[in-house]
Amino acid sequence: MSDSKKKSGISRRAVLKGAAVTGAAALVTPLSTTTAEAVPPPDKWDQSVDVVVVGTGYAGLSAAVEAKDAGANVLVIDKADIVGGNSVIASGGYNCADPERQKPQGIEDSPDLHFAQTMAGGDFRADPAKVRYYVDHALDGVKWLEKLGVVFEPKVYTIVGAIHPRSHDPVNHGRGGAIIAVLKKNVEERQVPVRLSCALSGIVRRNPLDGEVLGVQVKEGRGVKHIEAKRAVVLATGGFGADVPFRSKYAPQYDDKLPTTNVPWATGEALCYSQDVGADVVGMDYIQLLVACNYFTKKYGDIANLGVDHAVFLNLKGKRYVAEDARRDVLAGSTMAQPEKVFLWVADDRAAKRYTLDRIKVSLDKGLCFTAPTLEELAAILEGKLKVPPADFLASVKRYNELVASGKDSDFGKKDVNLKTLEKGPFWASPTQAGVHHTMGGLRTTPTTAQVLDRLGKIIPRLYAAGEVTGGVHGTNRLGGNATSDCIVFGRLAGQLAGKEPRRA
Ligand SMILES: Cc1cc2nc3c(=O)[nH]c(=O)nc-3n(C[C@H](O)[C@H](O)[C@H](O)COP(=O)(O)OP(=O)(O)OC[C@H]3O[C@@H](n4cnc5c(N)ncnc54)[C@H](O)[C@@H]3O)c2cc1C
């Protein structure tokens, strides 16, 4: 990775800062400025490798490691000038049934239950064969990551919207960044080159709608180059949550007024280039909002707590309006209907914390979220900052605690397992909004070989795809924690098979 080393700092802060001020932002290519057209085979290739992997998130780096281990000569490219895409800023929660961790915690689980919940959670719009492959290989993914050097917490929990306690958190700050750091190290150790600031600008197929994929066209600096892939191309270009024109094409309601949790370069042009060579897409209007953006900054994070058990969601009138452990689409939809589309995530000190105290402190110091030793003091702060009526605020918390004591949330139906009191200080409150988070739709791929299909259902030879650029795993609504494992499972699969394709002469 020598040519990328200087630019590839991957701390979360560096990424977020980078998103705002570096050349990475200039590389964002929203659909409106993209002229997508099929790329004919060049007279002469500028470079030739076995496998070209496009994207340096979970899926791309997993594919790169596996393709290299399968014996291929691999090149990874990314249009950004830093490694990691959305993966490096993500929370890194990884879902799978894992008896070694879950049994000691008294949690019943199995790939079958994970399958059933993923299908139901996505309103049965996912591809059952693909979900089956996913749940059956998700635990292997954790073990593989552990072998590569990722350390996961000994206990699992329920990340917001996950439905069941099977989310594995990587130890170390950064979470998703911790996984990317390990994958990046493994890519470096295998001497796989990673070319940053190198944007896919077309896929080269023998004929636009026919024959095998031969390589890619890229834009690098001011030049256009053609890179031959003698075995295969793996697309791992992520989702399009930050691409307002592209996402609004499928979901006009998600216009530029909505914030996003994504890095600015989560854009959809690779899907256009794929369609130019005949690729089919699925579920493009299944776009997930997540209640994880700060009301003041409109950015992901800057909220003190993501636990939903010892917590209530209150609107600016101090009223509860939803079961805090509902599906993500329910949480987002009901929040959008509240005054100013914002709620206060109010938690006691026992709610599962997903950020280090250091990070929370930065947000507290900036006045982006709040803490106080007693509920009364917190109510006074919220009245001052957001005009929340203190009496209503305190009455809602009291009512919630009474429901917990009764053993049933007869108001909103929070599940018994998550129905826990809010009474131990210090208390926390984060003004939180929904933002565009995940694009469940994307390339239609085969369930067990990660190959891209065309609109007639035929495999496009030598073209693989994995991660958020694909569709079919999550249906209408992704369960929290299912994307990390989706990316790792299918990234690995794509890399293994791409690396074993027969080498073209
Ligand atoms: C803030 C946040 C928190 C999250 N937390 C969780 C969580 O805890 N658990 C969970 O399951 N999911 C979570 N998710 C979702 C999950 O992290 C993502 O779905 C996942 O990271 C996507 O990985 P990927 O490899 O598919 O793409 P990415 O990590 O986004 O990587 C794609 C890469 O492709 C590059 N690229 C795109 N187009 C081109 C092009 N034309 N040419 C060259 N390169 C290109 C991009 O620059 C990018 O680096 C979170 C997402 C976000 C945004």
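The values are calculated or read from the model by the stated rules, or taken from the named source; none is laboratory data. Given the structure is predicted, the values throughout are model-derived calculations rather than measurements. Note that each Cβ is placed from the backbone with ideal geometry, even for glycine, and that neighbours are counted across all protein chains shown.
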Index of the failed condition, residue 156 passing every other in (1) under 17 Å from the mean Cα position of the chain (by Cα); (2) modelled with pLDDT under 95 | (1)
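Results for (1) within 12 Å of the ligand (Cβ to nearest atom); (2) among the acidic types (Asp, Glu); (3) modelled with pLDDT of 95 or more, shown as yes or no for each residue.
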site: 6; (1), (2), (3): no, no, no
site: 16; (1), (2), (3): yes, no, no
site: 32; (1), (2), (3): no, no, no
site: 42; (1), (2), (3): no, no, yes
site: 45; (1), (2), (3): no, no, yes
site: 54; (1), (2), (3): yes, no, yes
site: 62; (1), (2), (3): yes, no, yes
site: 65; (1), (2), (3): no, no, yes
Scope the stretch 76-110; condition surrounded by fewer than 18 Cβ atoms within 10 Å (Cβ to Cβ) and either modelled with pLDDT under 95 or not basic (Lys, Arg) (or both); matching residues | 99, 100, 104, 105, 106, 108, 110
Can you tell me which residue within the stretch 277-303, out of those that are away from the ligand (no atom under 16 Å from the Cβ) and more than 18 Å from the chain's Cα centre (by Cα), is farthest from residue 464 (Cα to Cα)?
-> 296
Can you run down the residue pairs with Cβ atoms below 7 Å, 6 or more apart or on separate chains, where the first is in the stretch 255-276 and assigned by TED's automatic domain parsing to the domain that holds residue 210 and closer than 23 Å to residue 454 by Cα and the partner is within 8 Å of the ligand (Cβ to nearest atom) and assigned to a loop (DSSP other than H, G, I, E, B)?
-> 267/29; 269/29; 270/237
Taking the stretch 248-272, which residues are farther than 19 Å from residue 491 by Cβ and in contact with a Ser or Thr (Cβ under 7 Å, 6 or more places away or on another chain)?
-> 254, 255, 267, 269, 272
From the options 448, 421, 374, residue that is within 20 Å of residue 160 (Cβ to Cβ), touching a residue at least 40 places away in the same chain (Cβ under 8 Å) and surrounded by fewer than 20 Cβ atoms within 10 Å (Cβ to Cβ) | 421
Return a yes/no flag: does the stretch 261-271 have any residue that is surrounded by fewer than 22 Cβ atoms within 10 Å (Cβ to Cβ), within 14 Å of the chain's Cα centre (by Cα) and within 12 Å of the ligand (Cβ to nearest atom).
-> yes
Of all residues in the stretch 167-209, count the ones that are among the hydrophobic types (A, V, I, L, M, F, W, C) and within 22 Å of residue 141 (Cα to Cα).
-> 9
Please work out which residue is nearest to residue 270 (Cα to Cα), limiting yourself to the stretch 185-203 and to residues that are surrounded by fewer than 22 Cβ atoms within 10 Å (Cβ to Cβ) and more than 10 Å from the ligand (Cβ to nearest atom).
-> 193
With criteria (1) farther than 17 Å from residue 124 by Cα; (2) within 15 Å of the ligand (Cβ to nearest atom), residue 473 comes up short on (1)
Any residue at all in the stretch 99-113 that is of a type in the set (Ser, Thr, Tyr), touching a residue at least 12 places away in the same chain (Cβ under 8 Å) and within 14 Å of the ligand (Cβ to nearest atom)?
-> no
If you go through the stretch 353-411 one residue at a time, how many are within 25 Å of residue 91 (Cβ to Cβ), among the β-branched types (Val, Ile, Thr) and either assigned to a helix (DSSP H, G or I) or not assigned by TED's automatic domain parsing to the domain that holds residue 320 (or both)?
-> 2
